[in-house]
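Note sheet for the following structure.
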Amino acid sequence: MFQSVDEVINRLAGENYICNREVATVVYLAAAMRKPILVEGPAGVGKTELGKVLSTALKLELIRLQCYEGLDEAKALYEWEYAKQLLYTQILKDKIGEILKGAQSLQAAVDSISQQDDVFFSDRFLLARPLLRAILAPQPTVLLIDEVDKSDTEFEAFLLEVLSDFQVSVPELGTLKAKHLPLVVLTSNNSREMSDALKRRCLHLYLDFPDPKRELEIIRLKVPEADANLSAEVVQLLHRLRKLDLKKRPSISEALDWIKALTLLNIKNLDDRLVAETMSTLMKYEADIRKAQEELAEYLRVRKAKDQSGAAESDKDLLH
Amino acid sequence: MLERILEFSRMLRQNGVRVSVSENMDAVRALELLGIADRTLFKSALRASLVKRSIDVEPFNRLFDLYFLGQGQSPRATEQELMAELGLTPEQFEKMLEQIREFLRRMDGEVSPLTRALLAGELAQVERMMFEAAEGELGEMTQWARGTGFIDQIAARFMLASIREEIEKFKMALARAGAEPRIPWISEKISEYAEQRLRELMRLAQRLLQREMQKKEAAVPGRRRSDDLSQKSFAYYTEEDIRRMSEVVTRLARRFKNLLSLRRRRARRGRLAVSATFRKNLQYGGVPFRIQLERRRKEKPQVVVLCDISDSVLNASRFMLQFVYSIQDLYTKVRSFVFVSDIGEVTRLFEEHELRQAVEMALRGDVIDVYSHSNFGRAFELFHRNYISAVTGKTTFVIIGDGRNNYNRANEWVVREIRQKAKQLIWLNPESRLTWGYGDSEMPRYAQYCDLVEECRNIEQLYKVIDRIAA
């Protein structure tokens, strides 16, 4: 799929996704070794996005399975379309009557109807859910299993079986084996520790907040209309904010929202009075907002002091 | 390379990182694909295939640096230092190196490869050679090399004496040949240069030895820190432990919630409700299109927590308060109280402040006087007088405390009454079970009214308790 690590970086960048070499290495290895990637990290650093972008970069179909408490095989793998089966038996009542006409005894009737049960347990009535769709797909796909930590341990165990050899057995149909191994991306917010067995089968990728340089790149890419100076300042501020003890640290997506808001309001500088007021797009908790505003004030104070001393020095330069 | 990977993963295991055979195989396959030339690629490939838990990342990084770094990373920096020290520009330096190399060629056979590489400034190669030399022999050496004569030992081991000799020889040969008269600074600089190089070699050897020793130390099977923490009694927590605790606590609380919600969900998914199914499907002519399941009443757990914050259980209550705080964060109906001799509600305090601050405030005495002697009986009586309405049939009541009453009146009738009103009553005691009932401990008296009394002295026990509560 990819020839080299650099190609991964370039092709993902082509889809507006900026990643560092470490991320690219894992992606490259996963594609080459046919191993699932387990992506962990704080909320809003682009874990899900990685899966989506991979599918567009590789021009493969994206099959997404969103996990939640109580997700079971029927929702993830396949289900018989019970209502449709019933509907058909009702519509075909006469036909069934015909088949049963010749039967002398109950035994004979059951025999002749059981010869027909293949009709009702065939692909026609099989409702393929994401996992089965990924297995049956005629082309390779990208399978995104989102927030796998939200699922129950039973489901995790089941997932393990599917991920290790990509085949499932449907009792009525036999074993179905994948024609192409999909590229699997699992994301986790670490709300519970995944089992060792699952982790063993995956390559592990920890996505963290990007460094300021990379974050600036991301902002330029996603919000090109933003003021360059402002973005640089925002990135610096974000970096400081993330070091604070917050309930929820500002994510990349929230940062992008904030920049967009600032740009819409035509703000060019963090000094603006409106900046503190728009912080609610960045922070989602009252206490966090308060802290962030304090940090903003502090940041501005330090910057001002620096500017002044810088100005004083340049004055000195002029004197000489 | 394979051996080094295996040795590295052995080291990881000894430091508590779980590495399986299949993960080792993955690492090797990954390296086959990527090669080992690029250090960052190399590291991320190993990390992706060997390290799967975020708490393992830090030991991995540490061990990786210890094990793989130090080779070939320094030459550039030292070269610049050297230039500065000799007071040469890069061009001059280059010229001098050329001279030296030229001369070394002429002296072919008289100097050993190590000296040759050293003088020619091929530090990476020097390091590799020394590394190879160290590999086999350092093992026994490290045990006795720590005492006096450390440097001498290294010198002897790496035959530095003979290298020094060879360098002297080189300098003499240089002097005889008279170098290049056209560039007068070269001959004097060269001997200085050789000295510097020799010192560098010394440093290198020292570093190598240290690294080798650290590696040995890292390989000593030490108990894992987080496991340590989970079995350590709260009473012995250090500052560092307390700082790390909060993350463990949040996870515990989440587990508590997960378990409860799991139970709720199972309950919601009832059995087939036959009569409801018939009724519903009458519209389809009695053919059961839509299946009806029995519905059960959703139950929102209510929790009331009483936490002893007297001096005797200070560390434990700090931990427990964090736990209580996290629970309150996750549930809507939690009321939290702290007591010593008075009792005070901290629900609001926990709602309005963030974790660390809230816990500090509670322990500092913002709510109640924390310097009095604990008096469970009085606190219970006060609770009964002021807050008993908080206890309903849905309440899970949790008392955290050691039950040491300072020989005051026990007032166990309050506990009995709470037991009658509440759904369940749980008592967690941060003291060892063996000491219950001795001295001023009133545990047996209180315990008779509790549904569950557990010793809860460390995280592991708390884990178990949570499992039992939720089961």
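The values are calculated or read from the model by the stated rules, or taken from the named source; none is laboratory data. Just so it is clear, the model here is predicted, and its values are computed rather than measured. All Cβ positions, even for glycine, are placed from backbone atoms using ideal geometry, and neighbour counts span all protein chains on display.
For (1) touching a helix residue (DSSP H, G or I) at 6+ places or on another chain (Cβ under 9 Å); (2) away from every other protein chain (no Cβ under 14 Å), each residue gets a yes or a no:
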{"residue": "A:N190", "(1), (2)": "yes, no"}
{"residue": "A:D196", "(1), (2)": "no, no"}
{"residue": "A:R201", "(1), (2)": "yes, no"}
{"residue": "A:L205", "(1), (2)": "yes, no"}
{"residue": "A:E233", "(1), (2)": "yes, yes"}
{"residue": "A:L238", "(1), (2)": "yes, yes"}
{"residue": "A:K247", "(1), (2)": "yes, no"}
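Across region A:207-227, the qualifying residues are those that are under 30 Å from B:D56 (Cα atoms) and touching a helix residue (DSSP H, G or I) at 6+ places or on another chain (Cβ under 8 Å), and the one among them that is nearest to the other protein chains (Cβ to nearest Cβ) is A:L207.
Filtered by the rule that a residue be under 11 Å from the mean Cα position of the chain (by Cα) and among the basic types (K, R), region A:45-85 gives A:K47, A:K52, A:R64.
Of everything in region A:163-188 that is surrounded by 14 or more Cβ atoms within 10 Å (Cβ to Cβ) and outside any strand (DSSP E or B), the residue that is farthest from the other protein chains (Cβ to nearest Cβ) is A:L173. Pairs are defined by a Cβ separation below 6 Å, a sequence spacing of at least 6 or placement on different chains, a first member in region A:2-20 that is within 11 Å of another protein chain (Cβ to nearest Cβ), and a second member that is surrounded by 15 or more Cβ atoms within 10 Å (Cβ to Cβ) and modelled with pLDDT of 90 or more; the pairs so defined are A:F2/A:V8; A:F2/A:Y28; A:F2/A:A31; A:V5/A:A24; A:V5/A:T25; A:V5/A:Y28.
Residue selection: B:D56 fails the criterion of being in contact with a helix residue (DSSP H, G or I) (Cβ under 6 Å, 6 or more places away or on another chain), acidic (D, E) and either surrounded by 15 or more Cβ atoms within 10 Å (Cβ to Cβ) or at pLDDT 80 or above (or both). For a quick check of your reading of the model, give me the residue pairs whose first member lies in region A:114-127 and is of a type in the set (S, T, N, Q), whose second is not in a helix (DSSP H, G or I), with beta-carbon atoms closer than 8 Å and at least 6 apart or on different chains. Cβ pairs passing all conditions: A:S122/A:L173.
Let's see how each residue does on (1) in contact with a helix residue (DSSP H, G or I) (Cβ under 7 Å, 6 or more places away or on another chain); (2) among the hydroxyl-bearing types (S, T, Y); (3) surrounded by fewer than 17 Cβ atoms within 10 Å (Cβ to Cβ); (4) within 23 Å of B:S389 (Cα to Cα):
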| residue | (1), (2), (3), (4) |
| --- | --- |
| B:P288 | yes, no, yes, no |
| B:E294 | no, no, yes, no |
| B:D311 | no, no, yes, no |
| B:S326 | yes, yes, no, no |
| B:S336 | yes, yes, no, yes |
| B:R348 | no, no, yes, yes |
| B:A358 | yes, no, no, no |
| B:D366 | no, no, yes, no |
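Residues that are in contact with an Asp or Glu (Cβ under 7 Å, 6 or more places away or on another chain) and modelled with pLDDT of 85 or more within region A:253-280 comprise just one, A:T263.
Among the residues examined, A:I9 does not qualify as closer than 20 Å to A:F120 by Cβ, out of contact with any Leu (no Cβ under 8 Å at 6 or more places or on another chain) and in a helix (DSSP H, G or I). Tell me yes or no: at least one residue of region B:389-408 is assigned to a helix (DSSP H, G or I) and in contact (Cβ under 8 Å) with a residue 12 or more places away in the chain. For region B:389-408, residues assigned to a helix (DSSP H, G or I) and in contact (Cβ under 8 Å) with a residue 12 or more places away in the chain: present.
Selection of region A:93-107 for residues being surrounded by 10 or more Cβ atoms within 10 Å (Cβ to Cβ), farther than 18 Å from B:G286 by Cβ and under 55 Å from the mean Cα position of the chain (by Cα) yields A:K95, A:E98, A:I99, A:L100. Among helices (runs of 4 or more DSSP H) entirely within region A:208-309, having at least 2 residues that are farther than 30 Å from A:N190 by Cβ singles out A:228-241, A:252-264, A:273-277. Scanning region B:22-42 for residues that are within 8 Å of another protein chain (Cβ to nearest Cβ) and buried (at least 19 other Cβ atoms within 10 Å of the Cβ) yields B:E23, B:D26, B:A30, B:L34, B:L41. For region B:43-53, filtered to residues that are within 7 Å of chain A (Cβ to nearest Cβ) and within 17 Å of B:E7 (Cα to Cα), the residue that is surrounded by the fewest Cβ atoms within 10 Å (Cβ to Cβ) is B:V51.
Going through region B:9-21 one residue at a time, which ones are more than 9 Å from every other protein chain (Cβ to nearest Cβ) and either touching a Leu at 6+ places or on another chain (Cβ under 7 Å) or surrounded by fewer than 17 Cβ atoms within 10 Å (Cβ to Cβ) (or both)?
Selection gives B:S9, B:R10, B:M11, B:L12, B:R13, B:Q14, B:N15, B:V19, B:V21.
In region A:170-189, the residues that are free of Cβ contacts under 8 Å to residues at least 40 places away in the same chain form Cβ pairs under 8 Å with partners that are surrounded by 16 or more Cβ atoms within 10 Å (Cβ to Cβ) and in a strand (DSSP E or B), at six or more places apart or across chains, as follows: A:T175/A:V168.
Does A:A103 satisfy the condition of being modelled with pLDDT under 85, within 13 Å of another protein chain (Cβ to nearest Cβ) and more than 27 Å from A:L207 (Cβ to Cβ)? Considered against the rule, which asks whether it is modelled with pLDDT under 85, within 13 Å of another protein chain (Cβ to nearest Cβ) and more than 27 Å from A:L207 (Cβ to Cβ), A:A103 comes out as no.
With respect to the conditions (1) at pLDDT below 85; (2) in contact with a strand residue (DSSP E or B) (Cβ under 6 Å, 6 or more places away or on another chain); (3) in a helix (DSSP H, G or I); (4) not basic (K, R), A:I113 lacks only one, and its number is (2). Of B:L66, B:L86, all but one fail to be more than 10 Å from every other protein chain (Cβ to nearest Cβ), more than 30 Å from A:S188 (Cβ to Cβ) and modelled with pLDDT under 75; the exception is B:L86.
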